[in-house]
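Below: the structure, in structure tokens.
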Amino acid sequence: MAEILKGNVVAARIKEEMKNKIKKIEEEGGIKPTIGIVRLGSNPSDISYEKSIIKNCDDIGIKSIVFEKDTSMSTEELVNFINWLNNNDDISGILLFRPLPKHIDEEIIRQNIAPSKDVDCMHPLNLEKIFEGNLDGFVPATPWAAMEILLHNNIELEGKNVVIVNRSMVVGKPLAMMLLEKNATVTICHSRTKKLEEITRNADIVITALGKPKFFSREYFTEKSIVIDVGVSTTEDGKLSGDVDYENVVDLVDKITPVPGGVGSVTTTILLNQVVNACK
Ligand code: NAP
């Protein structure tokens, strides 16, 4: 039976660190860390994510303000609103829910978020820092959540063969840079990769982010595999599932993250930690 790498333990540790940082900010007379959440329309998944962020903010001592906007707003109107948030001293960090409506030019929006309030790491300058190996600024929450799980569990990365199955800018590419910074040897796989099973079986650590429920069967792993499952999707019977066929893999591999309860339970905490850092 594999060791289960649970996210809530990691999230709890980071939350405690955040509470201490907030206390220190208060003692020094600083403002209360505040996240400005910008939501266009009322997409149910945005609303559910928003509720979870607000609950976490309340638990930790972060103020949250939701700005609900109409989906019909133009790129220019959204830029003007983002600029208003950039110049608003009461807002420490800005979170803009994506994907944006198709008529909005996301590239222009990304360029206009103040890098110092860009807690979701949208601005090209913040992304560039990661590609330069600088992990001290804002980082994209999902790949850093995967990293936190590895680091918290003292899983050695130096010289290890790590395979990431995802090449997006939200997960795979920044994650590869973070792992390189920790001296891992990184392979990025994607939908055109040949002999994926062979590649994952030869890895020390496999990180999956496909969004395809139970895609990775036992054949992709060995008893030495450490498996980090970033994928979240629903099966035909409506249950939440990761990319890995967890029930059939858990007795084979060395270590594995569950879904739910793994990477996803750390992501929001990482985002909020950056709101506190932005406030500092
Ligand atoms: P994405 O852009 O759709 O990326 C999916 C990746 O999987 C692509 O690189 C794709 O390859 C690859 N892929 C698809 N089918 C494949 C196959 N049969 N074999 C090998 N590779 C395959 O999605 P994303 O935005 O990066 O997000 C990925 C998943 O992460 C989401 O579906 C979601 O479940 C999860 N996610 C989790 C969290 C969290 O907090 N846990 C947060 C965000 C996202 P190509 O590039 O060739 O198409």
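The values are calculated or read from the model by the stated rules, or taken from the named source; none is laboratory data. Worth saying up front: this structure is predicted, and the values here are computed from it rather than measured. We place every Cβ from the backbone using ideal geometry, glycine too, and count neighbours over all the protein chains shown. Side chains included, ligands, DNA and RNA excluded: accessible areas come from the protein's heavy atoms. Shrake-Rupley method; radii C 1.70, N 1.55, O 1.52, S 1.80 Å.
Compactness check for the stretch 1-62: Cα Rg over 2.2 N^0.38 Å is 1.46.
Taking all protein chains into account, the per residue accessible area for the chain stands at 48 Å² (1.4 Å probe). Across the stretch 30-114, the fraction of Cα-Cα pairs farther apart than 20 Å, rounded to a whole number, is 34%. In the chain, taking the dipole from charged Cβ atoms about the Cα centre, the farthest positive-side position among Ile62, Ser72, Leu157 is held by Leu157.
Averaging the sequence gap over all C-alpha pairs within less than 8 Å and six or more residues apart, then dividing by the number of residues, gives the stretch 6-92 a relative contact order of 36 percent.
Rounded to the nearest 20, the Cβ-based charge dipole of the chain about its Cα centre (Lys and Arg +1, Asp and Glu -1) stands at 140 debye.
Each Lys or Arg adds one and each Asp or Glu subtracts one; over the other residues with Cβ under 10 Å from the Cβ of Ser217, this totals -1.
Shape summary of the stretch 141-264, radius of gyration then Dmax from alpha carbon positions: 13.1, 41 Å. Per-residue Karplus couplings for the stretch 162-168, computed as 6.51 cos²θ - 1.76 cosθ + 1.60 with θ equal to phi - 60°, are listed in order as 10, 10, 10, 9, 3, 10, 7 Hz, Gly and Pro entered as x. Between Met1 and Asn248, full extension at 0.36 nm per residue minus the direct alpha carbon distance yields a gain of 87.8 nm.
Taking only Cα atoms, what is the 0 to 90° angle, nearest 10, from helix 7-27's long axis to the longest principal axis of the chain? Its long axis makes an angle of about 30 degrees.
Distance distribution note for the stretch 1-148: the fraction of Cα pairs above 25 angstrom is 34%. Taking amide H positions as modeled 1.01 Å from N, with prolines and chain starts lacking one, no residue 5 or more places away or on another chain lies under 5 Å from His190. Heavy atoms only, probe 1.4 Å: what % of the accessible area of the chain goes to carbon and sulfur, would you let me know? In the chain, the share of accessible area belonging to carbon and sulfur is 47 percent.
The slack in the chain from Lys23 to Arg218, taken as 0.36 nm per residue of separation less the alpha-carbon distance, amounts to 65.5 nm.
Residues in the stretch 183-194 carry Karplus couplings, in order, of 6, 7, 9, 10, 10, 9, 10, 7, 5, 9, 5, 9 Hz; the curve used is 6.51 cos²θ - 1.76 cosθ + 1.60 with θ = phi - 60°, and Gly or Pro positions show x. Relative contact order, whole percent, for the chain stands at 24, derived from Cα pairs under 8 Å and 6 or more residues apart. Hey, for a label at Trp84 modelled as a point 7 Å past Cα toward Cβ, could you say which residues of the stretch 30-56 have their backbone N under 13 Å away? Hits in the stretch 30-56 for Trp84 at 13 Å: 38-39. Compute the acute angle (0 to 90°) between the alpha-carbon long axis of helix 75-86 and the principal axis of greatest extent of the alpha-carbon atoms of the chain; round to the nearest 10°. Approximately 80 degrees, to the nearest 10.
Return the loop-located GluC sites (Glu not before Pro) in the stretch 89-132 (DSSP other than H, G, I, E, B) with at most 10 other Cβ atoms within 10 Å of their own Cβ; answer none if there are none. Loop-located and lightly packed - Glu132.
Let me know the shape class of the stretch 68-176, please: from the alpha-carbon gyration tensor, a ≥ b ≥ c as square roots of the eigenvalues, rounded when a/c is under 1.5, otherwise prolate if a/b is greater than b/c, or oblate. Prolate, since a/c reaches 1.5 and a/b exceeds b/c. Size of the chain: Rg and Dmax of its alpha carbons, in Å, are 19.2, 58. Between helix 44-60 and the chain there is an angle of about 80 degrees, using the helix long axis and the longest principal axis of the Cα atoms.
The protection proxy used here, the mean number of other Cβ atoms lying within 10 Å of each residue, ranks peptides 133-144, 155-166 as follows, highest first: 133-144, 155-166.
Distance between the C-alpha centres of the stretch 23-72 and the stretch 205-280: 25 Å, rounded to the whole angstrom.
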